[in-house]
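Beneath this line is the structure, given in structure tokens, with notes to follow.
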Amino acid sequence: MNATSIDAQAGFGRRLLERALFPEAPATRLAAMRILIGTFATVYLLARAPHLTSFSQFTPASFHPLGPVSVLDGPLPQFAVIGAFGVALLSSIFATAGYRYAVSGPLFGLSLLWVLTYRNSWGMIFHTENLLVVHALVVGAAPAADAWSLDHRAVVTSSPSRRFGWPLRILAWVVVLSYVVAGVAKLRAAGWEWSSGDELRSHIAFDAVRKLELGSIHSSVGAALVSHAWVFPPLAWLTLAFELGAPLAMLGGRWATLWCLTAWGFHLGVLVLMAIFFPYPLLGLAYAPFFAVERVFERWVWPSVRRLTNSTPPATTDRT
């Protein structure tokens, strides 16, 4: 093999790696992700405001700081808790609108991380929030306000660019790796015995009994299925297969669609069998980075806004 052939192969490999890690994407696609993530975060903060701003029902001994909150030696005073929540809420609104995004974007991700981690430091950890927070951090650090924003009312580029593609790829990889980690954790905890379905069956049974004892909402479907052992081996195998096989979604196209539908179905199953609601994935927002979500805005959202406000929608010249 001569030097020219080696250089050609190296160049091909480099281009393939660049397309895999730094694909080109339109500014509007990243802007659409900013709007979706920011809107969800804003609604989530408002819906959980009482739980995120008041901890009077807990004793100081219940405070076990996690992650960035570990810098604290004890609970914050009430005014500081409310102040941090206010910063998170306002920055999420400003970031969603794309206003002063160089400040509001990073502040959105960091303040959301702080507020939700502070709440998790009081005992129960809400794993349903992890993916949202990481996505907010990525979008907050990305050039996600170069289109459809108060900073840039018109798109600043007329063609797709890697500048807007790499954050989308990171968002997708975060989703994929979160499921891989979940699959590996199952194997580390129980080995391949987990695939027998016994662990899954016991987990669902324990969850139902615990919630019944606490007087909480439980799944009657899951409690009823526990007596049918044959149901759980196929469910266990399917769970491991889709979690460990999550990187296949990065191939895009039908692979991404099939995996995302399977993941969504998994969370629907968790809701039915255990009454645990993962809003971010079940609303489809977790899987949005795999698709051209800007087309939804261009076809449905902005025309609806124009009809309601009798105004012109945000300008765009992007094409995928």
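The values are calculated or read from the model by the stated rules, or taken from the named source; none is laboratory data. The model shown is predicted, which means the values in this text are computed figures rather than measured ones. Methodologically, a virtual Cβ is constructed for each residue, glycine included, from the backbone with ideal geometry; neighbour enumeration extends over all protein chains shown.
If you check residue 273 against the conditions, is it farther than 19 Å from residue 26 by Cα, buried (at least 17 other Cβ atoms within 10 Å of the Cβ) and either touching a Ser or Thr at 6+ places or on another chain (Cβ under 7 Å) or not β-branched (Val, Ile, Thr) (or both)?
When the stated conditions are applied, residue 273 passes them.
Sort out which residues of region 210-233 are in a helix (DSSP H, G or I), within 26 Å of residue 130 (Cα to Cα) and either free of Cβ contacts under 8 Å to residues at least 24 places away in the same chain or in contact with a strand residue (DSSP E or B) (Cβ under 9 Å, 6 or more places away or on another chain) (or both), and write them in order of number.
210, 214
Determine whether residue 302 is assigned to a helix (DSSP H, G or I), among the hydrophobic types (A, V, I, L, M, F, W, C) and at pLDDT below 95.
Yes: the conditions hold for residue 302.
Take the residues in region 117-141 that are aromatic (Phe, Trp, Tyr) and part of a loop (DSSP other than H, G, I, E, B); name whichever of them is modelled with the highest pLDDT.
Of everything passing the filter in region 117-141, 122 is modelled with the highest pLDDT.
Residue-by-condition table, conditions (1) within 30 Å of residue 173 (Cα to Cα); (2) over 23 Å from the mean Cα position of the chain (by Cα); (3) modelled with pLDDT under 95:
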| residue | (1), (2), (3) |
| --- | --- |
| 6 | no, yes, yes |
| 15 | yes, yes, yes |
| 40 | yes, no, no |
| 44 | yes, no, no |
| 47 | yes, no, no |
| 74 | no, yes, yes |
| 81 | no, yes, no |
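Looking at this structure, is residue 235 at pLDDT 90 or above and either aromatic (Phe, Trp, Tyr) or surrounded by fewer than 19 Cβ atoms within 10 Å (Cβ to Cβ) (or both)?
yes
Is it the case, given these coordinates, that residue 144 is over 26 Å from residue 56 (Cα atoms), surrounded by fewer than 22 Cβ atoms within 10 Å (Cβ to Cβ), of a type in the set (Gly, Ala, Ser) and at pLDDT 95 or above?
Here the answer is no, as residue 144 does not meet what is asked.
Looking at 83, 123, 67, 98, can you tell me which residue is in contact (Cβ under 8 Å) with a residue 60 or more places away in the chain and surrounded by fewer than 18 Cβ atoms within 10 Å (Cβ to Cβ)?
123
Regarding residue 233, is this residue more than 28 Å from the chain's Cα centre (by Cα) and within 22 Å of residue 261 (Cα to Cα)?
yes
Report, by residue number, each residue of region 81-116 that is under 20 Å from residue 152 (Cβ atoms), of a type in the set (Ser, Thr, Tyr) and assigned to a helix (DSSP H, G or I).
91, 92, 96, 101, 104
Could you figure out which of (1) more than 22 Å from residue 39 (Cα to Cα); (2) touching a residue at least 12 places away in the same chain (Cβ under 8 Å) isn't true of residue 172?
(1)
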